[in-house]
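Input: a single structure, listed below in structure tokens.
Rule-based calculations on the coordinates, nothing more; no lab input. Only a predicted model underlies this, so the values are computations on that prediction, with no experimental measurement involved. Ideal geometry is used to build each Cβ from the backbone, glycine not excepted, and the neighbour counts take in all protein chains shown.
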Amino acid sequence: RGHVAGERGSVTVELALALPVLVLVLAVALAGARWALGAAQAQAAAAHGARAAVVEPDARARQVAATVAGADPSVVSITRDGDWVTVCVPVAPVSPVPGGVRCATAYDAP
């Protein structure tokens, strides 16, 4: 019926071999997308915190950054160097992609 001898079931075998690879590629792509969204959220949180740190006390700026990031305020760091303030917010790790830290700096004019 149009089958060459010995080829019967070859599509099933090929699918069985290719499907796990396809699932793995999809899982890695989804993890990368989740990490990118988390990194963007952490960057936005750091920027909001840096802007708040210019006009608010550090405790309030830390709370602003934590609220935007959806994180605990204790993980937000604020450092001042002269007229500059830097706010850093961690990026949650998404398996298999490691986390990281996103920071934003603002000028705190006297």
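Sticking with the crude label model, points 7 Å out along Cα→Cβ, report the distance from residue 25 to residue 109 in nm, one decimal please.
Here the modelled spin labels are 5.3 nm apart.
Pairs of Cα atoms under 8 Å, at least six residues apart: use those to get the relative contact order of segment 10-107, whole percent.
Result for segment 10-107 is 28 percent.
Relative to the longest principal axis of the C-alpha atoms of the chain, give the angle of the C-alpha long axis of helix 10-55, reported between 0 and 90° and rounded to the nearest 10°.
Roughly 10 degrees, rounded to the nearest 10.
Give the long-range amide H neighbours of residue 94: residues separated by 5 or more places, or on another chain, with amide H under 5 Å away, using H modelled in the peptide plane at 1.01 Å from N.
Amide H neighbours of residue 94: 99.
Per DSSP H run of n ≥ 4, the term is -39500 (n - 2.57); total these for the chain, divide by its residue number, and report the mean residue ellipticity at 222 nm rounded to 500 deg cm²/dmol.
-19000 deg cm²/dmol
Which ³J(HN,Hα) values in Hz, rounded to whole numbers, follow from the phi angles of segment 90-107 under the Karplus curve 6.51 cos²θ - 1.76 cosθ + 1.60, where θ = phi - 60° and Gly and Pro get x?
Result, rounded to whole Hz: x, 9, 5, x, 10, 4, x, 8, x, x, x, 9, 10, 10, 9, 10, 10, 8.
For residue 108, which sequence-distant residues (separation of 5 or more, or a different chain) have an amide H within less than 5 Å of its own amide H, given hydrogens modelled in the peptide plane?
Amide H neighbours of residue 108, under 5 Å, 5+ apart: 84, 85.
Taking the 0 to 90 degree range and rounding to the nearest ten, how far is the long axis of helix 58-69 tilted relative to the main principal axis of the chain, both from C-alpha atoms?
Around 20 degrees separate the two axes.
From the Cα gyration tensor of the chain, with a ≥ b ≥ c the square roots of its eigenvalues, which class applies: rounded if a/c is under 1.5, or else prolate if a/b is larger than b/c, or else oblate?
Verdict is prolate for the chain.
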